[in-house]
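Working notes, beginning with the structure itself.
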Amino acid sequence: MTSQVRPFDSGSGAETLLEAGHVLWLPDSFFAVEVPESPLLTPSVLAGTNKNVSFDPASGRVSGASATGQSAGLLRGMLARFSHDADAFVRRACPAYADRLRLGRTSFRPVEIAGRESSWRKDDTRLHVDSFPATPVQDQRILRVFVNVNPQGRPRSWRVGEDFDGLAARFAPRLRAPMPGTAALLHALRLTKSRRSPYDALMLQLHDRMKQDTAYQSAAPQMPFDFPPGSAWMAFTDQVSHAAMSGQHQLEQTFLLPVGAMLDEGRSPLRVLERLKGRSLI
Ligand SMILES: O=C(O)CCC(=O)C(=O)O
Ligand SMILES: [Fe+2]
(Lines give C-alpha, C1' and ligand atoms only; values in the text may rest on other atoms or scores of the structure.)
(Ligands and ions follow the chains in the order given, each with its own letter.)
Protein backbone atom coordinates (compact mmCIF):
# COMPACT_ATOMS: atom_id res chain seq x y z
CA MET A 1 0.00 0.00 0.00
CA THR A 2 1.22 3.49 -0.79
CA SER A 3 0.46 6.61 1.19
CA GLN A 4 -2.15 8.75 -0.53
CA VAL A 5 -2.63 12.39 -1.34
CA ARG A 6 -6.13 13.40 -0.22
CA PRO A 7 -7.86 16.74 -0.73
CA PHE A 8 -8.05 18.55 2.59
CA ASP A 9 -11.58 19.08 3.81
CA SER A 10 -11.87 21.28 6.88
CA GLY A 11 -13.86 19.62 9.60
CA SER A 12 -13.21 16.06 8.48
CA GLY A 13 -10.75 14.72 11.02
CA ALA A 14 -7.46 15.84 9.51
CA GLU A 15 -5.59 14.38 12.50
CA THR A 16 -6.88 10.85 11.77
CA LEU A 17 -5.91 11.07 8.10
CA LEU A 18 -2.45 12.45 8.90
CA GLU A 19 -1.87 9.73 11.49
CA ALA A 20 -2.91 7.13 8.89
CA GLY A 21 -0.01 8.40 6.76
CA HIS A 22 -1.85 10.46 4.17
CA VAL A 23 -0.74 13.72 2.63
CA LEU A 24 -3.49 16.35 2.92
CA TRP A 25 -3.62 18.67 -0.04
CA LEU A 26 -5.22 22.11 -0.09
CA PRO A 27 -5.65 23.13 -3.77
CA ASP A 28 -6.22 26.74 -2.75
CA SER A 29 -3.39 27.66 -0.40
CA PHE A 30 -3.74 29.76 2.74
CA PHE A 31 -0.71 31.78 1.61
CA ALA A 32 0.39 33.74 -1.47
CA VAL A 33 3.51 35.80 -2.20
CA GLU A 34 2.60 39.47 -2.47
CA VAL A 35 3.55 41.56 -5.50
CA PRO A 36 6.34 43.56 -3.77
CA GLU A 37 7.84 40.24 -2.57
CA SER A 38 7.98 38.64 -6.02
CA PRO A 39 11.59 39.78 -6.75
CA LEU A 40 12.61 37.47 -3.87
CA LEU A 41 11.70 34.44 -6.00
CA THR A 42 15.20 33.86 -7.37
CA PRO A 43 18.09 31.56 -6.39
CA SER A 44 20.25 34.67 -6.01
CA VAL A 45 18.61 35.36 -2.61
CA LEU A 46 20.81 32.50 -1.37
CA ALA A 47 24.22 33.07 0.17
CA GLY A 48 27.08 30.85 -1.08
CA THR A 49 26.20 27.22 -1.66
CA ASN A 50 23.01 27.22 0.44
CA LYS A 51 19.95 25.52 -1.07
CA ASN A 52 17.44 27.05 1.33
CA VAL A 53 16.88 30.21 3.25
CA SER A 54 16.11 29.27 6.82
CA PHE A 55 14.07 31.29 9.30
CA ASP A 56 13.70 30.85 13.04
CA PRO A 57 10.21 32.08 14.01
CA ALA A 58 11.22 32.23 17.69
CA SER A 59 14.06 34.72 17.18
CA GLY A 60 13.08 36.20 13.80
CA ARG A 61 16.56 35.35 12.47
CA VAL A 62 17.08 34.60 8.78
CA SER A 63 20.05 32.45 7.71
CA GLY A 64 21.43 31.34 4.35
CA ALA A 65 20.36 34.52 2.56
CA SER A 66 22.50 36.99 0.63
CA ALA A 67 20.01 39.85 0.90
CA THR A 68 20.95 43.04 2.72
CA GLY A 69 19.13 46.27 3.51
CA GLN A 70 15.61 46.63 2.19
CA SER A 71 15.41 43.26 0.46
CA ALA A 72 16.57 41.53 3.69
CA GLY A 73 13.64 43.18 5.45
CA LEU A 74 11.26 42.09 2.70
CA LEU A 75 12.53 38.52 2.90
CA ARG A 76 12.24 38.41 6.70
CA GLY A 77 8.74 39.84 6.45
CA MET A 78 7.62 37.24 3.91
CA LEU A 79 9.02 34.37 5.99
CA ALA A 80 7.48 35.69 9.22
CA ARG A 81 4.08 36.09 7.54
CA PHE A 82 4.27 32.61 5.99
CA SER A 83 5.29 31.08 9.31
CA HIS A 84 2.46 32.84 11.13
CA ASP A 85 -0.12 31.84 8.50
CA ALA A 86 1.11 28.22 8.38
CA ASP A 87 0.85 28.05 12.18
CA ALA A 88 -2.68 29.46 12.14
CA PHE A 89 -3.67 27.05 9.35
CA VAL A 90 -2.36 23.95 11.13
CA ARG A 91 -3.99 24.90 14.43
CA ARG A 92 -7.32 25.36 12.66
CA ALA A 93 -6.94 22.20 10.59
CA CYS A 94 -5.83 20.07 13.56
CA PRO A 95 -7.59 21.39 16.66
CA ALA A 96 -6.76 18.21 18.60
CA TYR A 97 -3.04 19.05 18.32
CA ALA A 98 -3.26 22.81 18.76
CA ASP A 99 -2.07 23.03 22.39
CA ARG A 100 0.83 20.63 21.92
CA LEU A 101 2.32 21.72 18.57
CA ARG A 102 5.73 23.34 18.67
CA LEU A 103 6.70 25.63 15.82
CA GLY A 104 10.03 24.59 14.29
CA ARG A 105 12.03 26.18 11.48
CA THR A 106 10.72 27.78 8.32
CA SER A 107 12.41 27.38 4.94
CA PHE A 108 12.28 28.99 1.52
CA ARG A 109 13.51 26.84 -1.40
CA PRO A 110 14.17 28.93 -4.50
CA VAL A 111 16.34 26.38 -6.41
CA GLU A 112 15.06 24.03 -9.13
CA ILE A 113 15.27 20.50 -7.72
CA ALA A 114 15.58 18.58 -11.01
CA GLY A 115 19.21 18.16 -11.99
CA ARG A 116 20.55 19.67 -8.76
CA GLU A 117 23.89 18.21 -7.63
CA SER A 118 23.93 16.59 -4.21
CA SER A 119 25.33 13.68 -2.24
CA TRP A 120 23.03 10.63 -2.01
CA ARG A 121 22.33 11.44 1.63
CA LYS A 122 21.04 14.93 0.85
CA ASP A 123 19.32 13.91 -2.37
CA ASP A 124 15.61 14.43 -1.73
CA THR A 125 14.73 13.10 -5.21
CA ARG A 126 15.20 9.69 -3.56
CA LEU A 127 12.32 8.26 -1.51
CA HIS A 128 12.90 8.78 2.20
CA VAL A 129 11.32 9.61 5.53
CA ASP A 130 12.58 12.74 7.28
CA SER A 131 15.08 12.56 10.10
CA PHE A 132 17.35 15.38 11.31
CA PRO A 133 21.01 14.50 12.02
CA ALA A 134 21.83 17.54 14.19
CA THR A 135 18.49 18.18 15.89
CA PRO A 136 17.14 14.97 17.42
CA VAL A 137 13.35 14.87 17.84
CA GLN A 138 13.39 12.47 20.84
CA ASP A 139 9.75 11.32 20.99
CA GLN A 140 8.29 14.01 18.75
CA ARG A 141 6.62 13.72 15.36
CA ILE A 142 7.67 15.84 12.37
CA LEU A 143 4.66 17.56 10.80
CA ARG A 144 5.41 19.73 7.78
CA VAL A 145 3.38 22.17 5.72
CA PHE A 146 4.48 23.08 2.18
CA VAL A 147 3.30 25.75 -0.24
CA ASN A 148 4.27 25.79 -3.92
CA VAL A 149 4.77 29.50 -4.71
CA ASN A 150 6.14 29.01 -8.24
CA PRO A 151 5.26 32.11 -10.30
CA GLN A 152 5.64 30.38 -13.70
CA GLY A 153 2.76 27.94 -13.25
CA ARG A 154 5.05 24.97 -12.57
CA PRO A 155 4.05 22.15 -10.21
CA ARG A 156 6.15 20.63 -7.47
CA SER A 157 6.37 16.98 -8.47
CA TRP A 158 6.61 14.44 -5.70
CA ARG A 159 6.62 10.69 -5.46
CA VAL A 160 4.80 9.26 -2.45
CA GLY A 161 5.96 5.83 -1.36
CA GLU A 162 4.78 2.83 0.66
CA ASP A 163 3.08 3.16 4.04
CA PHE A 164 5.21 3.13 7.19
CA ASP A 165 4.17 -0.36 8.33
CA GLY A 166 5.45 -1.83 5.06
CA LEU A 167 8.56 0.31 5.11
CA ALA A 168 9.43 -0.51 8.71
CA ALA A 169 8.84 -4.25 8.28
CA ARG A 170 11.14 -4.25 5.24
CA PHE A 171 14.01 -2.23 6.73
CA ALA A 172 13.82 -2.94 10.49
CA PRO A 173 16.09 -6.03 10.37
CA ARG A 174 18.84 -3.77 8.93
CA LEU A 175 18.49 -1.06 11.61
CA ARG A 176 20.84 -1.38 14.58
CA ALA A 177 20.94 0.28 17.97
CA PRO A 178 24.02 2.54 18.19
CA MET A 179 27.01 1.60 20.38
CA PRO A 180 26.48 2.56 24.03
CA GLY A 181 27.87 6.04 24.65
CA THR A 182 27.42 7.25 21.06
CA ALA A 183 24.59 9.67 21.91
CA ALA A 184 26.52 11.22 24.82
CA LEU A 185 29.63 11.59 22.66
CA LEU A 186 27.77 13.26 19.76
CA HIS A 187 26.17 15.67 22.19
CA ALA A 188 29.46 16.41 23.99
CA LEU A 189 31.10 17.15 20.62
CA ARG A 190 28.13 19.42 19.81
CA LEU A 191 27.35 17.38 16.70
CA THR A 192 23.78 17.13 17.99
CA LYS A 193 21.84 19.89 19.75
CA SER A 194 20.37 17.45 22.27
CA ARG A 195 20.85 13.76 23.01
CA ARG A 196 20.10 11.52 20.04
CA SER A 197 17.58 8.90 21.23
CA PRO A 198 17.77 5.28 19.98
CA TYR A 199 14.64 6.17 17.98
CA ASP A 200 16.47 9.11 16.34
CA ALA A 201 19.40 6.82 15.52
CA LEU A 202 17.13 4.21 13.90
CA MET A 203 15.25 6.84 11.89
CA LEU A 204 18.53 8.27 10.55
CA GLN A 205 19.55 4.77 9.47
CA LEU A 206 16.15 4.22 7.86
CA HIS A 207 16.52 7.51 5.93
CA ASP A 208 19.98 6.46 4.74
CA ARG A 209 19.16 2.82 3.91
CA MET A 210 16.18 3.95 1.79
CA LYS A 211 18.18 6.53 -0.13
CA GLN A 212 21.15 4.18 -0.66
CA ASP A 213 19.05 1.33 -2.03
CA THR A 214 18.70 2.09 -5.75
CA ALA A 215 16.76 -1.12 -6.41
CA TYR A 216 14.29 -0.11 -3.70
CA GLN A 217 14.00 3.38 -5.17
CA SER A 218 12.69 2.05 -8.48
CA ALA A 219 10.82 -1.07 -7.31
CA ALA A 220 9.11 0.27 -4.15
CA PRO A 221 5.37 0.93 -4.28
CA GLN A 222 5.01 4.59 -5.22
CA MET A 223 2.75 7.17 -6.84
CA PRO A 224 3.69 10.42 -8.55
CA PHE A 225 1.78 13.54 -7.58
CA ASP A 226 2.08 17.09 -8.94
CA PHE A 227 1.23 19.85 -6.49
CA PRO A 228 0.13 22.84 -8.58
CA PRO A 229 1.38 26.34 -7.82
CA GLY A 230 -0.86 28.11 -5.34
CA SER A 231 -1.56 24.89 -3.46
CA ALA A 232 -0.48 23.71 -0.01
CA TRP A 233 -0.06 20.28 1.54
CA MET A 234 0.87 18.78 4.88
CA ALA A 235 2.04 15.43 6.15
CA PHE A 236 3.90 13.67 8.94
CA THR A 237 7.09 13.46 6.86
CA ASP A 238 8.76 11.16 9.41
CA GLN A 239 6.11 8.61 8.36
CA VAL A 240 5.21 9.30 4.73
CA SER A 241 7.85 8.07 2.30
CA HIS A 242 8.36 10.94 -0.15
CA ALA A 243 10.67 12.30 -2.83
CA ALA A 244 10.63 15.72 -4.50
CA MET A 245 11.49 15.27 -8.20
CA SER A 246 11.14 18.72 -9.72
CA GLY A 247 9.88 22.19 -8.97
CA GLN A 248 11.20 25.58 -7.89
CA HIS A 249 10.10 28.06 -5.22
CA GLN A 250 8.53 26.51 -2.17
CA LEU A 251 7.90 27.59 1.39
CA GLU A 252 7.92 25.04 4.20
CA GLN A 253 7.09 25.15 7.88
CA THR A 254 8.10 22.39 10.32
CA PHE A 255 6.16 21.55 13.49
CA LEU A 256 7.04 19.11 16.24
CA LEU A 257 4.36 17.17 18.09
CA PRO A 258 4.96 14.82 21.05
CA VAL A 259 3.71 11.30 20.22
CA GLY A 260 1.55 11.51 23.36
CA ALA A 261 -0.48 14.27 21.70
CA MET A 262 -1.56 12.02 18.82
CA LEU A 263 -5.08 10.58 18.72
CA ASP A 264 -3.47 7.15 18.32
CA GLU A 265 0.20 7.09 19.17
CA GLY A 266 0.35 3.42 18.20
CA ARG A 267 0.54 4.66 14.60
CA SER A 268 3.69 6.71 15.19
CA PRO A 269 6.98 5.52 13.65
CA LEU A 270 8.34 5.40 17.22
CA ARG A 271 5.75 2.86 18.40
CA VAL A 272 5.86 0.90 15.11
CA LEU A 273 9.65 0.50 15.40
CA GLU A 274 9.38 -0.33 19.12
CA ARG A 275 6.96 -3.15 18.33
CA LEU A 276 9.27 -4.51 15.61
CA LYS A 277 12.37 -4.25 17.80
CA GLY A 278 10.62 -5.47 20.97
CA ARG A 279 12.10 -2.73 23.13
CA SER A 280 11.77 0.89 24.18
CA LEU A 281 13.61 3.28 21.84
CA ILE A 282 13.44 6.40 24.02
O1 LIG B 1 11.31 20.30 -1.20
C2 LIG B 1 10.40 19.49 -1.20
O3 LIG B 1 9.41 19.53 -1.93
C4 LIG B 1 10.47 18.36 -0.20
C5 LIG B 1 11.87 17.97 0.08
C6 LIG B 1 11.96 17.02 1.25
O7 LIG B 1 11.94 15.85 1.11
C8 LIG B 1 12.05 17.56 2.60
O9 LIG B 1 12.03 18.77 2.80
O10 LIG B 1 12.14 16.75 3.53
FE1 LIG C 1 11.92 14.90 3.09
Item to complete: Run P36 past the list (1) out of contact with any strand residue (DSSP E or B) (no Cβ under 7 Å at 6 or more places or on another chain); (2) in a helix (DSSP H, G or I); (3) closer than 30 Å to S119 by Cα and report the number of the one that doesn't hold.
Response: (3)
Discussion item. Condition check: within 19 Å of the chain's Cα centre (by Cα), over 24 Å from D124 (Cβ atoms) and not in a helix (DSSP H, G or I). Does A58 satisfy that?
Written reply: yes
Discussion item. Criterion first (more than 14 Å from ligand 2 (Cβ to nearest atom), among the basic types (K, R) and farther than 30 Å from D9 by Cβ) does K193 satisfy it?
Written reply: yes
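Scan the range 143-168 residue by residue and report those that are at negative phi and exposed (fewer than 13 other Cβ atoms within 10 Å of the Cβ).
P151, Q152
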Worksheet, complete the sentence: Here the qualifying pairs (Cβ atoms under 8 Å; residues six or more apart or on different chains; first in the range 196-207 and touching a residue at least 40 places away in the same chain (Cβ under 8 Å); second outside any helix (DSSP H, G or I) and acidic (D, E)) come out as S197/D139; Y199/D139; M203/D238; H207/D130
Worksheet item: In this structure, does R81 turn out to be of a type outside the set (S, T, N, Q), outside any loop (DSSP other than H, G, I, E, B) and over 26 Å from L270 (Cβ atoms)?
Response: yes
Worksheet item: Of all the residues that make up the range 232-251, how many are surrounded by fewer than 19 Cβ atoms within 10 Å (Cβ to Cβ) and away from ligand 1 (no atom under 11 Å from the Cβ)?
Response: 0
Worksheet item: Residues of the range 228-246 being touching a Gly at 6+ places or on another chain (Cβ under 7 Å) and under 19 Å from T125 (Cβ atoms), which ones?
Response: V240, S241, H242
Fill in: Qualifying positions in the range 1-37 - farther than 18 Å from R156 by Cα and at pLDDT 95 or above
A14, E15, T16, L17, L18, E19, A20, G21, E34, V35, P36, E37
Fill in: Only listed residue being under 17 Å from the mean Cα position of the chain (by Cα) and either at pLDDT below 95 or not basic (K, R) (or both), chosen from G230, G247
G247
Worksheet item: Can you tell me which of A114, A134, A98 is part of a loop (DSSP other than H, G, I, E, B), closer than 27 Å to D163 by Cβ and without any contact (Cβ under 8 Å) to a residue 60 or more places away in the chain?
Response: A98
Discussion item. Being surrounded by 15 or more Cβ atoms within 10 Å (Cβ to Cβ) and more than 11 Å from ligand 2 (Cβ to nearest atom) is the filter here; which residues of the range 112-134 pass it?
Written reply: I113
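Any residue in the range 50-61 that is under 26 Å from E162 (Cα atoms) and touching a Ser or Thr at 6+ places or on another chain (Cβ under 9 Å)?
Quick first cut of the range 50-61, residues under 26 Å from E162 (Cα atoms) only: none.
No: the range 50-61 contains no residue that is under 26 Å from E162 (Cα atoms) and touching a Ser or Thr at 6+ places or on another chain (Cβ under 9 Å).
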Discussion item. Take the residues in the range 151-184 that are more than 16 Å from A20 (Cα to Cα) and touching a strand residue (DSSP E or B) at 6+ places or on another chain (Cβ under 7 Å); name whichever of them is nearest to ligand 2 (Cβ to nearest atom).
Written reply: W158
Discussion item. So Q140 ticks every box in (1) under 13 Å from S241 (Cβ atoms); (2) more than 14 Å from ligand 2 (Cβ to nearest atom); (3) crowded, with 19+ Cβ neighbours inside 10 Å; (4) not β-branched (V, I, T) but one. Which box is left unticked?
Written reply: (1)
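The values are calculated or read from the model by the stated rules, or taken from the named source; none is laboratory data. These figures come from a predicted structure and were not determined experimentally. Cβ sites come from the backbone with ideal geometry, for glycine too, and all protein chains shown count toward neighbours.
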